[in-house]
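The values are calculated or read from the model by the stated rules, or taken from the named source; none is laboratory data. Keep in mind that what you see is a predicted model, and the values were worked out from it rather than measured. Every residue, glycine among them, receives a Cβ derived from its backbone with ideal geometry; neighbour counts consider all protein chains shown.
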Amino acid sequence: MKHFDKPLLELKNIQRLFSKTAVIDGVSFSVHREEVLGIIGRSGAGKSTLIRCINGLECIDSGQIFFETQNIAQLNDNDRRLIRRRIGMIFQNFNLLSSRRIIDNVALPLKLSGASKANRRRRALDLLDIVSLADKAAHYPVQLSGGQKQRVCIARALATNPSVLLSDEATSALDPETTQSILELLTKIKSHMGLTIILITHEMEIIRSIATRLIVLDQGRILEEGSVRDVFAQPKNETTKSLLQVILPTLPSTIAAKLNFIDGQDAIIEFHISGLEAHEPFLNKLEAETGMVARIIQGGIEYIQNEAIGRFFLAIKATDKQKLEKAYAWLAQHSDKSEIVGYV
Amino acid sequence: MSNLEILFSLVPRAVLDTCWMSAASSFFALFFGLPIGLLLYTTSSGNLFENAWINRPVSAIVDSIRAIPFIILAASIMPITRIVVGKAVGNEAMIFILSISAIPFYARMAELSFRNVEKDLIDTVYSMGATRFQTILEVALPEALPSLITGFTVAIIAIVAASATAGFIGAGGLGQLAISYGYQRYNPTVMTSIIFILIVLNVLIQWLGDRITRKFNHSR
Ligand SMILES: Nc1ncnc2c1ncn2[C@@H]1O[C@H](COP(=O)(O)OP(=O)(O)O)[C@@H](O)[C@H]1O
Ligand SMILES: [Mg+2]
């Protein structure tokens, strides 16, 4: 990513009203070339509306959108149409034309832009090759599986060589395995074509595996924004935390059931660690420096953009309060978060 | 004349008359109804050429004509028929009346077919940078096609039925034969034969319509 570049896309104080209530309420952000920006938020947060504002499917009530430094609002209809061709979009429900063969679906954007029949055909076949569906060119959409349909949609979205790809819950209708293959395809395309991707999802796994930056949207406003690494490691906002909850380890139910908040054999500690600390043998250091042994009950270390983020539930003997106190202090000092959640 | 003589001498001509009247009226229903249906669809609120100033009056005219029973419509537009066709009776006059009655009918059916094209598809093509005319040509029409054909089949069958009714008011064809031999002279054999022919005609049209629809329907 070249930070000195002008942003590819810039939204300034966007507002979108539906019957006088602001569904998008003063949103500003910019997207640089070859970034993968993830937008997460609860259902109804305004994610779809926001992304539809970008390619003109929704008109904005106030604010400005700059695409490749052009202010979209100041363009005439024709120029705006040309810009839409530079922005590809894929959807949860595919939106393929049932009346057209796969190859003609992929070629449609080219037909709309007036490309010759031979060129359309050649390019559509090339694109189908990229998404490994050249053998389905003569089929109709109904004959394809969900994953295949989404591949066709990706091919179609790329037909006019867009610089941005918008994805609105594109994998939400697919099973985990198919989702994974679509993500791999997107990653491949991104690096081959230097594509910029903005993707909406409610699946944190997707953000974790392909996004570089993250925006958390709630009630039409940006709650939190930052690199995926930072937001995942240290979510600041309660909404963000609860959205991220699904990928955090949870206490095994047998232990959760026995948990009390006063006393017990073991203290259960929720422990988050990231950055350089996470690369250290920290449990060994804990033992060496405090003489206390911590047992991992649940959790592990994952890597997001090459940075380690660890989340654990640890058990430490609680029979000697002074020693526990010392161990807990050590953990608190070396972590992003340490909290005694109870005793068993 | 014996029943057989009646059947052999009059029926072929009557079948031809009915087919001619129905075919011509169906053609006009399609020729004018489809564009009016498209107009109703595109000018309705939230659609490509949203325009209440066009949509409301056209809607009102279409619904008014549809509200009038066929026989009464035929009688009430008699002066217009005379101006357009030159006379108020005969097959050509009936084609005019049948068309006037069928055009609004098919316009509404076509509008419904267009409405059933998913809004998301329209949006998708819009987001590809399509013009509004391209959206109609490349999406609305091809996607609605199977449904438009089904609707047209229904319209043709309604027209055949109406053309039989038109026998009461001076049209030729099977309707007139059924009325003069079946209804006025009560000849069960002739009447049954005509009913049979009408049934066969309907079944045939429906079968053909279904076949063509299936040919264009790739969503199943
Ligand atoms: N066309 C519309 N008319 C009225 N309200 C709408 C429309 N589209 C979306 N909304 C409202 O805007 C809010 C945000 O919707 P949406 O952008 O679809 O959220 P998300 O994609 O985050 O689930 C919702 O409360 C929804 O009801
Ligand atoms: Mg949505």
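Annotations
- All of A:N55, A:N71, A:N78 fail the test of being touching a strand residue (DSSP E or B) at 6+ places or on another chain (Cβ under 7 Å) and free of Cβ contacts under 8 Å to residues at least 12 places away in the same chain, apart from A:N71.
- The residues of region B:91-138 that are free of Cβ contacts under 8 Å to residues at least 24 places away in the same chain, under 26 Å from the mean Cα position of the chain (by Cα) and crowded, with 20+ Cβ neighbours inside 10 Å, listed by number, are B:F96, B:E138.
- Selection within region A:105-116 - within 14 Å of chain B (Cβ to nearest Cβ) and either of a type in the set (K, R) or assigned to a loop (DSSP other than H, G, I, E, B) (or both): A:K111, A:S113, A:G114, A:A115
- Of all the residues in region A:17-42, those that are within 8 Å of ligand 1 (Cβ to nearest atom), under 13 Å from the mean Cα position of the chain (by Cα) and hydrophobic (A, V, I, L, M, F, W, C) number 0.
- Criterion applied to A:L199, A:L243 was being assigned to a helix (DSSP H, G or I) and within 16 Å of ligand 2 (Cβ to nearest atom), and the one residue passing it is A:L243.
- Test: B:S163 is within 17 Å of the chain's Cα centre (by Cα), within 14 Å of chain A (Cβ to nearest Cβ) and in a helix (DSSP H, G or I): no
- Any strands (runs of 3 or more DSSP E) falling wholly within region A:1-66 and containing at least 3 residues that are away from every other protein chain (no Cβ under 14 Å), under 24 Å from A:S191 (Cβ atoms) and away from ligand 2 (no atom under 16 Å from the Cβ): A:21-31
- Residue check, A:I83 within 9 Å of chain B (Cβ to nearest Cβ) and over 22 Å from the mean Cα position of the chain (by Cα): yes
- The residues listed here are A:A157, A:A170; of these, the one that is within 16 Å of ligand 2 (Cβ to nearest atom) and either of a type in the set (S, T, N, Q) or under 14 Å from A:N95 (Cβ atoms) (or both) is A:A170.
- Residue match in region A:247-263 (condition: in contact with a helix residue (DSSP H, G or I) (Cβ under 6 Å, 6 or more places away or on another chain) and either over 17 Å from A:Y328 (Cβ atoms) or touching a residue at least 40 places away in the same chain (Cβ under 8 Å) (or both)): yes
- The one condition from (1) within 14 Å of another protein chain (Cβ to nearest Cβ); (2) of a type outside the set (S, T, N, Q); (3) closer than 30 Å to A:L57 by Cα that B:I149 does not meet is (3).
- Number of the condition not met by A:A173 [criteria: (1) within 16 Å of ligand 1 (Cβ to nearest atom); (2) at pLDDT 95 or above]: (2)
- Qualifying residue in region B:142-165 (condition: without any contact (Cβ under 8 Å) to a residue 24 or more places away in the chain and closer than 22 Å to B:E118 by Cα): yes
- Look at region A:215-235: where a residue is in contact (Cβ under 8 Å) with a residue 24 or more places away in the chain and a partner is assigned to a strand (DSSP E or B) and acidic (D, E), sitting 6+ places away or on another chain with Cβ atoms under 6 Å, you get A:I215/A:E225; A:V216/A:E224; A:G220/A:D25; A:R221/A:D25; A:R229/A:E307.
- Across region B:96-128, the number of residues qualifying as under 12 Å from B:L148 (Cβ atoms), of a type outside the set (S, T, Y), within 14 Å of chain A (Cβ to nearest Cβ) and part of a helix (DSSP H, G or I) comes to 1.
- Selected residue (only one of A:N105, A:N55 is surrounded by 19 or more Cβ atoms within 10 Å (Cβ to Cβ) and farther than 30 Å from A:A22 by Cβ): A:N105
Per-residue answers, yes or no, for (1) assigned to a helix (DSSP H, G or I); (2) surrounded by fewer than 18 Cβ atoms within 10 Å (Cβ to Cβ); (3) of a type in the set (K, R):
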residue: A:E224; (1), (2), (3): no, no, no
residue: A:A278; (1), (2), (3): yes, no, no
residue: A:I316; (1), (2), (3): no, no, no
residue: A:K326; (1), (2), (3): yes, yes, yes
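- Out of A:L96, A:L125, one residue alone is assigned to a loop (DSSP other than H, G, I, E, B), in contact with a helix residue (DSSP H, G or I) (Cβ under 7 Å, 6 or more places away or on another chain), more than 8 Å from every other protein chain (Cβ to nearest Cβ) and among the hydrophobic types (A, V, I, L, M, F, W, C). It is A:L96.
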